[in-house]
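The values are calculated or read from the model by the stated rules, or taken from the named source; none is laboratory data. Since the model is a prediction, treat every value here as computed from it, not as a measurement. As a convention, Cβ positions derive from the backbone with ideal geometry for all residues, glycine included, and neighbour counts pool all protein chains shown.
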Amino acid sequence: MEESVSSTENNWIKRDEEGIFRIAVDGPAGAGKSTIARMVAHRLGFIYVDTGAMYRAVALFCIQKGICTEDKEAVEQAVGEAHITICHKNGMQQVLLNGQDVSGEIRTEEVGNAASAVSAYPAVRAHLLNLQRNLAKEHSVIMDGRDIGTCVLPDAEAKVFLTASSHVRAIRRYKELKEKGIMCNLEEIEQDIIERDRRDMNREASPLVQAADAVLLDSSEMDINQVISSIIQVAVSRGLPIDPSVWR
C-alpha cells in the first residue's frame, strides 16, 4: 500500500516511532466527518481511513452488478467478490474496487443512499472489518464512520461523536451539490438525511450510537477550523503528545 503521510507539519508530533495513536470519529450522514478527518490526518501526519468510502464501494459494486441493495441475501452472497483497497498517492486517498479507481464514482447520491442500506448487513461489515483493523494496527490513524468507536476500534485512544442538526447538514450538502452544478432540492436532501439517520440508528448490526467514552461535538455553529482544533484538543486530552501552541 502506498502512503503519503510525510509533511513538514508533522515534525512537531513528539510520539516515538513505535507509538500508535488512533482517533475514532463517528456521527450521522452529512456531519462532515470525512472532510474533517482528512484535514486532521494531514495536520497530524496520520493515515486517514474513510470507512464510508469502503461501504460506498460495496454499494457501487452491487449497482454495477444489478443487485438490489435492499435484498440482504443477494448482497451478502455477492459481497465476497468485491475486493476493496484504500491507498494513498500524492497525498490523495484512492479507493480501488477490484483494481479500478472508483474514488469519483462512489460520491453520487445514488451510491450514498445504497451504501446506507448495504452497511446494515452483517456479512458486509465483516468483509471490511479486518482491513480497517489491520490499518489501525500498523499506523496511527483517524478513522471515520458510524461504529468506529463502538465496534471497529473500541480501544481507540480518542473518540469523537461529530454531529449537526439535520437542517444544517442538509444545507451543507445542498451547497456542495450546487457548487458541482448538480440539480437538487433542499427539502428532499433533508428528508434523505433524516431517513438515513433512522436507518443507521435502528439497524441490527452495529447501529449508529455514541460510544460511552466519546466526546460529543456538535458542529452546527462551528466552522471547519474550529472543528479541527476541537478534535485535536480531544486527542491531546487523551494523551497525544504534541505542542498545543502549533494549532491554537
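Regarding the range 108-120, can at least one residue be identified that is in contact (Cβ under 8 Å) with a residue 24 or more places away in the chain and over 21 Å from ARG146 (Cα atoms)?
Taking the range 108-120 as the starting set, the residues that turn out to be in contact (Cβ under 8 Å) with a residue 24 or more places away in the chain are 109-120.
When the remaining residues are screened for being over 21 Å from ARG146 (Cα atoms), the result is none.
The answer is no, given that none of the residues of the range 108-120 is in contact (Cβ under 8 Å) with a residue 24 or more places away in the chain and over 21 Å from ARG146 (Cα atoms).
For the range 180-202, does any single residue satisfy the condition of being of a type outside the set (S, T, N, Q), closer than 17 Å to ASP223 by Cβ and not in a helix (DSSP H, G or I)? Let's see the steps before the verdict.
Going residue by residue through the range 180-202, those that are of a type outside the set (S, T, N, Q) are 180-184, 186-190, 192-201.
If we keep only those that are closer than 17 Å to ASP223 by Cβ as well, we get none.
No, the range 180-202 contains no residue that is of a type outside the set (S, T, N, Q), closer than 17 Å to ASP223 by Cβ and not in a helix (DSSP H, G or I).
Could you say which residue among ALA170, ALA164, ALA205, ALA214 is farther than 26 Å from ARG107 by Cβ and touching a residue at least 12 places away in the same chain (Cβ under 8 Å)? So that I can check it myself, show each step before the final result.
On the way: ALA170 fails: farther than 26 Å from ARG107 by Cβ; ALA164 fails: farther than 26 Å from ARG107 by Cβ; ALA205 fails: farther than 26 Å from ARG107 by Cβ.
None of the other options fit; the residue is ALA214.
Could you list, in sequence order, all residues of the range 57-87 that are in contact (Cβ under 8 Å) with a residue 40 or more places away in the chain, touching a strand residue (DSSP E or B) at 6+ places or on another chain (Cβ under 7 Å) and more than 16 Å from PRO122 (Cβ to Cβ)?
ALA57, LEU60, ILE84, THR85, ILE86, CYS87
What number of residues within the range 64-88 satisfy the criterion of being farther than 18 Å from SER34 by Cβ and surrounded by fewer than 16 Cβ atoms within 10 Å (Cβ to Cβ)?
Here is the first cut: in the range 64-88, the ones farther than 18 Å from SER34 by Cβ are 64-83.
Subset that is surrounded by fewer than 16 Cβ atoms within 10 Å (Cβ to Cβ): 64-66, 68, 70-71, 73-74, 77, 80-81, 83.
Number of matching residues: 12.
(1) closer than 27 Å to HIS167 by Cβ; (2) modelled with pLDDT of 95 or more: which one isn't true of LYS65, the others all being true?
Only one criterion in (1) closer than 27 Å to HIS167 by Cβ; (2) modelled with pLDDT of 95 or more is unmet by LYS65, namely (1).
Out of the range 156-201, which residues are under 30 Å from ARG238 (Cα atoms) and not charged (D, E, K, R)?
Answer for the range 156-201, where residues must be under 30 Å from ARG238 (Cα atoms) and not charged (D, E, K, R): ALA156, ALA158, VAL160, PHE161, LEU162, THR163, ALA164, SER165, SER166, VAL168, MET201.
Every residue in the range 102-128 that is crowded, with 16+ Cβ neighbours inside 10 Å and either closer than 12 Å to SER206 by Cα or in contact with a Gly (Cβ under 9 Å, 6 or more places away or on another chain) (or both), please.
ILE106, GLY112, ALA115, SER119, ALA120, TYR121, ALA123, VAL124, ARG125, HIS127
Just checking, does the range 34-44 include any residue being among the hydrophobic types (A, V, I, L, M, F, W, C), at pLDDT below 95, farther than 22 Å from LEU162 by Cβ and buried (at least 21 other Cβ atoms within 10 Å of the Cβ)?
For the range 34-44, residues among the hydrophobic types (A, V, I, L, M, F, W, C), at pLDDT below 95, farther than 22 Å from LEU162 by Cβ and buried (at least 21 other Cβ atoms within 10 Å of the Cβ): absent.
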